[in-house]
Amino acid sequence: MNFDYQSQKRIDILKDRVKRCVCKSCGSKLSLRQIDFNDFEESRIEIFCDHCDRLEFGIEAEIYTSAEFYVDEFKVNFYPDMGNNALTRRMNVAKICEILAWGLENMGYLEKAGFKVKPDMSAKMLGECVVLDDHAVAVLDKEFADE
């Protein structure tokens, strides 16, 4: 298959991803780099994480924030044999990013160009508690009973 890695359409897609996505391992901003893969293949432009020093396609920033919260709050560890360190945490966040992106994509909320509907992360404070007094619970009970 002869894929045109230098096409303007592909470069525009990569530029768009760099603007809205972050590294799924560390959450850092991404950049475009021209990479030489070997002597036989032409160099091509790819998305790169300067912090991790690796090629990275990126993940939506909102997904990364949610995955980071999930890993930290629920102590998720897909790699228990590696111990509890920064590298393991990064790998776990990346794995949760992949799971969330897969789910959102299959439910129709996420496409290659990003979210179909922009998520409102300001209205939802991850990890914040809601304290309800007896009056608030009674009001909620009445609202649910009326439905």
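The values are calculated or read from the model by the stated rules, or taken from the named source; none is laboratory data. What you see is a predicted model; the values in this text were computed from it and never measured. Neighbour counts run over all protein chains shown; Cβ positions are idealised from the backbone, glycine included. Each accessible area value is taken on the protein alone, full model and side chains, heavy atoms only, with ligands, DNA and RNA left out. Shrake-Rupley method; radii C 1.70, N 1.55, O 1.52, S 1.80 Å.
Annotations for the structure displayed:
- Checklist (1) open to solvent by 70 Å² or more (accessible area, probe 1.4 Å); (2) in contact (Cβ under 8 Å) with a residue 24 or more places away in the chain applied to residue 109, failing item: (2)
- Every condition in (1) under 26 Å from residue 118 (Cα atoms); (2) open to solvent by less than 40 Å² (accessible area, probe 1.4 Å) is met by residue 76 except one, and the failing one is (1).
- From the list 89, 33, the lone residue that is part of a helix (DSSP H, G or I) and without any contact (Cβ under 8 Å) to a residue 60 or more places away in the chain is 89.
- Within the range 4-36, the set of residues being among the hydrophobic types (A, V, I, L, M, F, W, C), open to solvent by less than 80 Å² (accessible area, probe 1.4 Å) and farther than 22 Å from residue 68 by Cα comprises 11, 14, 32, 35.
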